[in-house]
1. Any residue in region 167-175 that is in contact (Cβ under 8 Å) with a residue 24 or more places away in the chain, within 28 Å of Gln36 (Cα to Cα) and aromatic (Phe, Trp, Tyr)?
2. Do you know which residues across region 227-244 are among the polar types (S, T, N, Q) and touching a residue at least 12 places away in the same chain (Cβ under 8 Å)?
3. Give the residue that is farthest from Trp257 (Cα to Cα), with candidates limited to residues of region 162-214 that are open to solvent by less than 30 Å² (accessible area, probe 1.4 Å) and in a loop (DSSP other than H, G, I, E, B).
4. Please count how many residues of region 32-68 are more than 21 Å from Asn112 (Cα to Cα), open to solvent by less than 30 Å² (accessible area, probe 1.4 Å) and either β-branched (Val, Ile, Thr) or part of a loop (DSSP other than H, G, I, E, B) (or both).
5. Only residues that are closer than 19 Å to Ile54 by Cβ, open to solvent by 50 Å² or more (accessible area, probe 1.4 Å) and not in a helix (DSSP H, G or I): list them for region 103-153, please.
6. Is it fair to say Gly228 is within 26 Å of Leu21 (Cβ to Cβ), assigned to a helix (DSSP H, G or I) and modelled with pLDDT of 90 or more?
7. Could you look through region 69-88, keep only residues that are closer than 24 Å to Arg222 by Cα, open to solvent by 10 Å² or more (accessible area, probe 1.4 Å) and not small (Gly, Ala, Ser), and pick out the one that is modelled with the highest pLDDT?
8. Of everything in region 6-19, what is open to solvent by less than 50 Å² (accessible area, probe 1.4 Å) and either at pLDDT 90 or above or part of a helix (DSSP H, G or I) (or both)? Give them in sequence order.
Amino acid sequence: MIRSFFGLTKTPFDLREIELLPLQQEIHDTLKVHCQQGGLCLLLGVPGTGKSVIKQALQRLPENQYLVATVARTLHTYTNTAKILCAAFRIEFEHSAFQCERRLIEQAFSLNHAGKCLTTILDDAHLMDMANLRKLRLLFEDFPKNHNLILIGRPSLLADLDLGVNQDIKSRVTYSVITKRLTADAMRDFVRRELDRVGLGHNTFTQPAIDLIVRSADGVLRQARNLGVACLIEAVRSATRTIDIDIVNRVLLQPHWQKDVDLVDY
């Protein structure tokens, strides 16, 4: 709908196409080095601050050089997590987690000998049962030494790793970073870069509209993206090619953008 109305070939604010911002690129490049050298990395931050964008950039690394296995369903049991890893490493799941571990280790060394850099990403790692995480840590101890494990989650994961029972995991961390909220200038650059990427003029959003989006997003990349998409949809509904502050305000009237105090039914 948006592409048809504005005459575009690409979708604005498409999560799969979003380019890394400078600070995100720096984090990505550091993680990429660890993907080559091995380690245990922590990528932490509040929801919407760019962790998923960095993860997707890692998943796009050349398949002939890297194998990036991702476990996104971290609430599973250890056995089901092992099944997900088997699928990611492209092997059949055996009848038990123990047999699966043996096959995973064999496959890891086979891929390593073939020259591939191995990385396993545990997304939403703060939700994973720490007993399962310790089992996975023991499994990866038998992987090639240049295997890299990346834990992506909220900063609360650090508190869990501080517990004495989890010191065996924390002591192996080779790199950690917390993704920060974006500055107002970085947020404006993000909106303009997205317009450039799809071939829309910067005047598609008036300056007051961009300023309101920046304030409302409060430094959260996902919020800015969702606001941008919602504003474009509202512009299509209003049959206008210019998004002004009135359109942004109409979007912000939706309940999920309102603060709790504004939703109280007096």
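1. Taking every residue of region 167-175 in turn, at least one turns out to be in contact (Cβ under 8 Å) with a residue 24 or more places away in the chain, within 28 Å of Gln36 (Cα to Cα) and aromatic (Phe, Trp, Tyr).
2. Thr242
3. Leu200
4. Residues in region 32-68 being more than 21 Å from Asn112 (Cα to Cα), open to solvent by less than 30 Å² (accessible area, probe 1.4 Å) and either β-branched (Val, Ile, Thr) or part of a loop (DSSP other than H, G, I, E, B) (or both): 6 in total.
5. The answer is Asp124, and nothing else.
6. Here the answer is yes, as Gly228 does meet what is asked.
7. Selected residue: Thr70.
8. Phe6, Leu8, Pro12, Phe13
The values are calculated or read from the model by the stated rules, or taken from the named source; none is laboratory data. Every value quoted in this text rests on a predicted model; they were computed, and no experiment measured them. Ideal geometry is used to build each Cβ from the backbone, glycine not excepted, and the neighbour counts take in all protein chains shown. Just so you know, the surface numbers come from the protein's heavy atoms only, side chains and all, with ligands and any DNA or RNA stripped out. Shrake-Rupley method; radii C 1.70, N 1.55, O 1.52, S 1.80 Å.
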